[in-house]
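Participant: Structure incoming, see below.
The values are calculated or read from the model by the stated rules, or taken from the named source; none is laboratory data. Values in this document were obtained by computation on a predicted structure and should not be read as measured data. When we count neighbours, we look across all protein chains shown, and the Cβ atoms used for this are built from the backbone with ideal geometry, even at glycine. Calculation scope for accessible area: heavy atoms of the full protein, side chains included, ligands and nucleic acids excluded. Shrake-Rupley method; radii C 1.70, N 1.55, O 1.52, S 1.80 Å.
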Amino acid sequence: MVSQPLATTPSEIIYPESDGKPMADNTKQFRWIVQIQQNLDWLYADDPNVFVAGDLLWYPLKGRNTIVTAPDVMVVLGRTKGDRTSYKQWEEDNIPPQVVFEILSPSNSSTEMDKKLLFYDRYGVQEYYIYDPDKNILRGWLKAEDGLDVIGEIANWVSPRLGIRFDSSGEELQIYRPDGSKFFSYAEVNEQLEQEKQRAEQAQQELEKERQRSQNLEDVLKKYRDRFGDVIE
């Protein structure tokens with residue numbers, strides 16, 4: 001008698017939390033992934049129903065743990081914030097990430113990126129952006145009737161869903177929030193915080209000087225009263 005392997009039920013399927021690959025191949029790629037993810041997180045900090053993640057495994061189909069990818073950055077409009085070990089779409093009201101970003105590194109092959117494009121097209125991504133920081137080249141795709149369609153003119157392109165603007169006319173890509181302020185790097189944010197700290201300290205010093213001047217005037221007035229009494233009009 002030949003024994004048959006037991007069928008695996010969906011509840012027994014394991015969805016790995018890591019694909020064993022590094023988040024980035026170099027510091028430049030890592031910096032851009034973090035910068036875009038963090039700035040998008042800040043952009044939607046006050047909206048509890050926007051989920052932003054970086055390098056998180058996305059499983060679009062229940063029971064199919066081999067169908068998976070990890071966008072460098074993804075934005076899901078309509079899903080609550082919070083920590084996740086992976087993004088299992090069937091547990092998220094079946095809402096796919098609407099916007100994804102990929103940052104190229106020298107190890108990325110054209111075949112690999114073509115497969116990612118097909119994956120995002122097949123599983124419901126609405127906007128897809130690829131940035132090559134070494135060549136300062138931005139490419140994008142937008143969902144049309146027949147699937148993701150390449151954005152022909154991307155200079156100063158504004159994302160329909162996020163409202164952010166892309167400008168790659170300089171030495172490197174600049175991304176701007178809907179209010180016109182730019183996406184800041186960690187170093188730039190740290191510099192701004194240091195400047196704010198210095199301004200606060202300077203304001204505190206000025207306040208202390210003003211308090212001291214007031215105290216000096218009070219001391220002079222007290223001495224005057226002690227000697228001459230209160231001034232009577």
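Participant: Name the shape class, rounded, prolate or oblate, that the alpha-carbon gyration tensor gives for segment 69-170, where a ≥ b ≥ c are the square roots of its eigenvalues, rounded holds for a/c under 1.5, and otherwise prolate holds if a/b is larger than b/c and oblate otherwise.
Facilitator: Taking the square roots of the gyration eigenvalues as a ≥ b ≥ c, segment 69-170 is prolate.
Participant: Using packing as a proxy for protection, rank 115-128, 77-90 so that the peptide with the highest average count of other Cβ atoms within 10 Å comes first.
Facilitator: 115-128, 77-90
Participant: Excluding ligands and nucleic acids, what accessible area in Å² is computed for Tyr176 using a 1.4 Å probe, to the nearest 10?
Facilitator: That residue has around 50 Å² of solvent-accessible surface.
Participant: Excluding residues fewer than 8 places away in the same chain, name every one of the lysines whose C-alpha is closer than 23 Å to that of Lys223.
Facilitator: Excluding near neighbours in sequence, the set is Lys209.
Participant: Tell me whether segment 1-154 comes out rounded, prolate or oblate; compute the Cα gyration tensor, take square roots of the eigenvalues as a ≥ b ≥ c, and use a/c under 1.5 as the rounded threshold.
Facilitator: Verdict is prolate for segment 1-154.
Participant: Could you give the distance between the Cα centres of segment 22-53 and segment 70-131, to the whole Å?
Facilitator: Centre-to-centre distance over Cα atoms comes out at 13 Å.
Participant: Pull out a ≥ b ≥ c, the square roots of the eigenvalues of the alpha-carbon gyration tensor of segment 37-110, then state rounded if a/c is under 1.5, prolate if not and a/b is larger than b/c, and oblate in the remaining case.
Facilitator: oblate
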